[in-house]
1. Can you list the strands (runs of 3 or more DSSP E) found entirely within region 29-90 that contain at least 2 residues being within 30 Å of His154 (Cα to Cα), open to solvent by less than 40 Å² (accessible area, probe 1.4 Å) and at pLDDT 90 or above?
2. Considering each of Asp374, Asp310 in turn, give the residue that is closer than 22 Å to Met237 by Cβ and surrounded by 12 or more Cβ atoms within 10 Å (Cβ to Cβ).
3. Residue check: is Leu248 assigned to a loop (DSSP other than H, G, I, E, B), among the aliphatic types (A, V, I, L, M), open to solvent by less than 50 Å² (accessible area, probe 1.4 Å) and modelled with pLDDT under 80?
4. Got a sec? Which strands (runs of 3 or more DSSP E) wholly within region 92-150 have at least 2 residues that are in contact with a Lys or Arg (Cβ under 9 Å, 6 or more places away or on another chain)?
5. Just one of Asp181, Asp199, Asp155 is modelled with pLDDT of 80 or more and among the charged types (D, E, K, R); which is it?
6. In region 331-339, is there at least one residue being of a type in the set (S, T, N, Q), assigned to a strand (DSSP E or B) and open to solvent by 20 Å² or more (accessible area, probe 1.4 Å)?
7. Identify all residues within region 296-317 that are closer than 15 Å to Leu263 by Cα and either in a strand (DSSP E or B) or touching a His at 6+ places or on another chain (Cβ under 7 Å) (or both); write none if there are none.
8. For region 396-415, name all the residues that are closer than 20 Å to Ser367 by Cβ and open to solvent by 40 Å² or more (accessible area, probe 1.4 Å).
Amino acid sequence: MISGKTFAKRFAFPFQLGVCLFFLTVGWCPAQKINCAEYFFDTDPGPGNGTPITSFPEEGSVVFTETINTTGLAVGSHLLFIRTKSTDGDWSLYEAQEFFIDNGIIAAEYFFDKDPGIGGGIPLSVSSTGTITETIPTSGLSDGIHYLFVRTKHDGNIWSLQDPQIFFIRTRIVQAEYFIDTDPGFGSGTSISISSPDDLITITPTLSTSALPDGNHYLFIRTKDILGKWSFFEPMMFTVDAALPIELYDFAATATRDGRVKLQWTTATEINNDFFSVERAAAPEIEFATIFEIPGAGTTKVKTSYEEIDEKPYPGINYYRLKQTDFDGTFSYSKIVSAEVKKVTTVYPNPVVDNWTVAFGDAGNQSRTIEVLDLTGKKLADYKTQLTIVELKREGVPMGAHIVKITSPGSKPEFLKVSFQ
């Protein structure tokens with residue numbers, strides 16, 4: 001309250017060379033009206049000696065927009081002052097609004113993940129108007145979460161701060177091949193068709209084993225990504241056994257990423273085949289136990305494929321064999337195959353529609369934090385649990401591909417890509 005009059009104003013303007021756009025709301029008590037306004041920079045020239053602001057109605061409270069010319073001001077920090085005059089000739093008080101004048105961006109650089117120090121980043125091209133439009137390559141970065149930082153340099157060798165932009169690298173698989181027993185060299189194996197390149201694919205090749213001798217053999221499968229890099233491979237043992245009343249193409253056990261074991265076999269012919277029993281043991285020298293039975297095809301010369309999933313294998317190496325039983329009760333065994341189960345953290349179902357479950361790969365209950373992040377790093381939801389398997393509610397997570405970050409004490413964070421529908 002000053003001399004019986006109330007005064008209020010609101011400013012909002014960008015800081016740029018040449019002009020400042022501001023919005024002003026001013027008001028006096030109802031008995032008075034505003035008929036004049038002026039502004040000045042840095043130093044007060046005295047009431048009535050500032051630069052006039054015109055074109056607003058003569059009322060007790062007004063809102064007006066004005067473009068203020070800042071041409072001629074030196075580079076650096078400045079203060080803008082605005083005051084108004086009422087119809088009775090009284091000038092209002094004023095309030096300083098700070099702004100900065102610069103002459104544009106003269107250099108820019110970027111870096112990933114770790115700051116190499118000012119001036120040590122990778123240079124970016126800056127146009128004559130001070131804009132930056134450039135494609136930043138990500139080749140050489142490992143798969144997973146990364147952070148991009150961009151900073152700019154202004155006149156006077158002043159560097160800006162930088163904000164991290166999160167992004168995710170995934171490598172698409174575009175080629176696959178297999179070989180048996182002996183490596184012929186990269187690109188020289190038998191090609192496997194890939195219908196849809198992606199970072200995770202399922203391969204179910206049909207292999208010809210007719211030329212192989214009886215006994216154990218090893219199948220190797222490897223893939224090549226879009227950058228031309230070949231993956232490592234792990235041997236999968238299978239057996240060719242002419243003693244069976246079936247012509248068995250292959251029998252393979254493959255550990256899946258979610259801690260289960262996929263069992264697959266294919267027959268070329270079957271004679272009086274009643275059923276198969278899949279047996280499992282924790283070591284090849286101990287007793288095998290039947291985990292499930294699958295009906296056979298009887299007698300056929302048509303190639304027949306079988307597939308079953310061991311939902312609860314032992315941790316570590318599991319050993320499997322096929323027991324084939326005829327209609328008259330006679331039976332015979334295949335050779336033994338194995339698969340090593342490494343428990344990993346999984347999310348299912350994926351895509352997520354409503355409730356979803358996280359199954360942790362490590363054993364034992366401990367405190368964990370689960371965060372759902374979008375691809376910019378913004379947190380969409382977070383949960384805390386001490387369970388090994390926890391069911392979660394979606395809690396408003398929007399549709400889209402997101403990153404689930406899992407943090408456990410004493411361990412590195414895990415990042416899983418999950419789609420929410």
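The values are calculated or read from the model by the stated rules, or taken from the named source; none is laboratory data. Keep in mind it's a predicted model, so treat the numbers as computed, not measured. When we count neighbours, we look across all protein chains shown, and the Cβ atoms used for this are built from the backbone with ideal geometry, even at glycine. Areas reflect the complete protein model, heavy atoms only, side chains present, ligands, DNA and RNA absent. Shrake-Rupley method; radii C 1.70, N 1.55, O 1.52, S 1.80 Å.
1. The strands (runs of 3 or more DSSP E) meeting that bar are 34-41, 76-86.
2. Asp310
3. no
4. 105-112
5. That would be Asp181, the only listed residue that is modelled with pLDDT of 80 or more and among the charged types (D, E, K, R).
6. yes
7. Thr304, Ser305, Tyr306, Glu307, Glu308, Ile309, Asp310, Ile317
8. Hits for region 396-415 are Lys405, Thr407, Pro409, Gly410, Ser411, Lys412, Pro413, Glu414, Phe415.
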